[in-house]
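A short worksheet on the structure shown next.
The values are calculated or read from the model by the stated rules, or taken from the named source; none is laboratory data. No experiment lies behind these values; they were computed from the predicted model shown. For neighbour counting, all protein chains shown are included, and Cβ atoms are generated from backbone atoms with ideal geometry for every residue, glycine included. Heavy atoms of the whole protein, side chains included, go into the accessibility calculation; ligands, DNA and RNA do not. Shrake-Rupley method; radii C 1.70, N 1.55, O 1.52, S 1.80 Å.
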Amino acid sequence: MTLPTVLPRGRRTPPAPPRRARFTLADPLGALAILSVVAVVALWVMNQGGPLSLTASDRATGSLGLLAGLLASDLMILQVVVLARIPWVERSWGHDLLTRRRRLLGFASFWLMIAHVVLFAVERTAREPSAQLTALLRLFVTDSWMLCATAGTLALIMVVVTSVRAARRRLRYESWHLLHLYSYAGIAATFPHTFTDGADFHETWTRVYWWCLYGFAFAATLLYRLALPAWRSLRHRLRVESVVTEAPGTVSVTLKGHRLDRMRTASGQFFVWRFLDGPGWSRGNPYTLSAAPTPDRLRITIKAAGDGSARAARLTPGTRALIEGPYGTLTARRRTRPRLLLMAAGIGITPMRALIEDTPYGPGEATLVYRYGAEEHAVFADELRALAADRGVELILLPGPRRADTSWQAAGPAHLTDDVQALKNLVPDIEHRDVFVCGPPAWITAVRRAARAAGAHRDSVHTEEFAW
């Protein structure tokens with residue numbers, strides 16, 4: 001039975017009411033996304049007659065198939081825009097929210113695409129009942145650009161299947177990431193047949209709409225996924241300065257660069273890293289900063305979980321690094337109250353370690369709860385104790401095995417059985433604090449549920465899942 005380690009509390013200050021959320025440039029994007037779906041339906045009505053086309057039995061199936069295909073294309077393009085990592089969108093919505101919306105758009109467009117294929121297959125075979133195989137062969141292979149569209153559809157099916165959680169758990173991150181890139185190829189492969197064969201693409205305004213939509217998605221991807229990262233990598237010239245072992249299988253990599261302050265990186269953010277250390281360098285891996293950024297240095301801490309992360313321990317000083325980012329919104333910019341509660345599990349301590357270093361707060365206004373399995377896996381234990389003493393942070397260490405899969409606690413004394421009461425015991429004024437949480441998804445869910453039940457305001461609970 002292991003008791004939590006608690007460093008003494010500092011002075012208390014009266015709580016302040018939460019600040020109102022600010023309007024950002026990204027907020028209208030949700031409305032524009034809905035408007036694009038409305039526009040697609042409107043174009044279908046203009047060109048196909050809308051509901052009237054469904055009254056004719058010989059046209060209904062094809063008309064519905066066309067609408068499903070148009071909506072699938074629109075949602076696929078919106079998904080590409082979400083994946084483009086537009087900086088002001090990332091800062092406004094955050095990685096977690098964008099990931100959820102991307103998955104929603106992806107699965108919705110996938111099922112619409114399947115409906116599109118099935119409905120057109122039904123229409124063709126019904127039109128030629130005596131030559132169904134020939135009709136399907138023309139539909140999927142010999143008609144203009146249809147073989148290309150079929151290959152693109154198969155690629156998208158593969159991406160969706162490997163995106164299901166059960167499949168992702170069986171894949172290494174590097175393999176999943178490589179397969180995920182096929183979504184771009186799949187979308188590009190389905191593009192030509194829509195303009196050569198699609199009846200709704202023959203009108204001038206329709207073509208203008210779709211060309212603008214595809215053009216914006218392509219330009220955003222080219223600019224923010226390729227050009228901007230390449231420019232930042234060349235400009236800031238990051239190289240490995242040192243590699244330090246923090247715990248078994250966990251290392252900290254310090255990198256030195258040029259004018260890093262120009263990126264306006266904040267503690268709690270992450271980059272996608274590529275180290276030019278040999279084969280496999282092209283596969284990027286996301287790692288969070290584990291120390292406050294300085295004008296010439298960044299530090300990340302990496303736990304071996306795949307080929308890319310395991311290579312980090314073998315990095316040598318001078319190795320060049322390519323970057324994408326900074327990304328993520330688990331930063332002090334999200335604060336709504338002066339008092340802080342930071343909760344971390346496992347390698348999720350990395351952004352919390354950076355946050356408590358340079359976030360503005362007074363002695364006694366911040367509490368850090370850190371849960372880990374065993375003492376040898378307590379990353380930054382000495383650094384956390386030093387920071388707690390220097391800045392007046394209340395540090396609560398919770399070592400030991402996890403109490404249960406649905407609990408955020410370590411196994412411990414009976415009076416901490418209830419998650420909500422345990423949190424209230426550790427942090428009695430949780431309703432007056434911002435709560436920052438990072439760790440495995442199931443642990444984050446348990447913390448979020450307990451914090452909300454303990455009185456924390458919904459807008460004051462900030463999370464970043466350490467998962468892919």
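The value of relative contact order for the range 354-468, using C-alpha pairs under 8 Å at least six residues apart, is 21 percent. The 3J(HN,Hα) values that the Karplus relation (6.51, -1.76, 1.60; θ = phi - 60°) gives for the range 378-389 are, in residue order, 7, 5, 6, 3, 5, 5, 5, 5, 5, 5, 4, 5 Hz. Gly and Pro appear as x. For the range 180-291, what class follows from the C-alpha gyration tensor (a ≥ b ≥ c being the square roots of its eigenvalues): rounded when a/c is under 1.5, otherwise prolate if a/b is larger than b/c, else oblate? Prolate, because a/c is 1.5 or more and a/b exceeds b/c.
Once the Cα gyration tensor of the range 310-374 is diagonalised, what are the square roots of 5 times its eigenvalues, in whole Å and ordered largest first, as equivalent ellipsoid semi-axes? Taking √(5λ) for each eigenvalue gives 28, 17, 11 Å, largest first. Near residue 305, the amide H atoms lying under 5 Å from its own belong to 310; only residues 5 or more places off or on other chains count, and H is placed 1.01 Å from N. Taking amide hydrogens as placed 1.01 Å from N in the peptide plane, the amide H of residue 343 sits under 5 Å from those of 369, 436, 437, 438, each at least 5 positions away in sequence or on another chain. Check residue 331: other-chain or 5+ apart residues with amide H under 5 Å from its amide H, H built from backbone geometry? Amide H neighbours of residue 331: none.
Derived scalar couplings between HN and Hα for the range 334-346 equal 8, 5, 10, 9, x, 9, 10, 10, 10, 10, 9, 10, x Hz in order, rounded to whole Hz, by the Karplus curve 6.51 cos²θ - 1.76 cosθ + 1.60 (θ = phi - 60°), x for Gly and Pro.
Measuring only protein heavy atoms, the 1.4 Å probe finds residue 160 accessible over about 30 Å². In this simple spin-label model, placing a label point 7 Å from the Cα along the Cα-to-Cβ direction at both residue 37 and residue 458 gives a separation of 2.0 nm. In terms of its C-alpha gyration tensor, the range 317-468 comes out rounded, because the ratio a/c of the largest to the smallest axis stays below 1.5. What shape does the range 391-456 take by its C-alpha gyration tensor, where a ≥ b ≥ c are the square roots of the eigenvalues and a/c under 1.5 counts as rounded, a/b above b/c as prolate, and the rest as oblate? Because its axes are fairly even, with a/c under 1.5, the range 391-456 counts as rounded.
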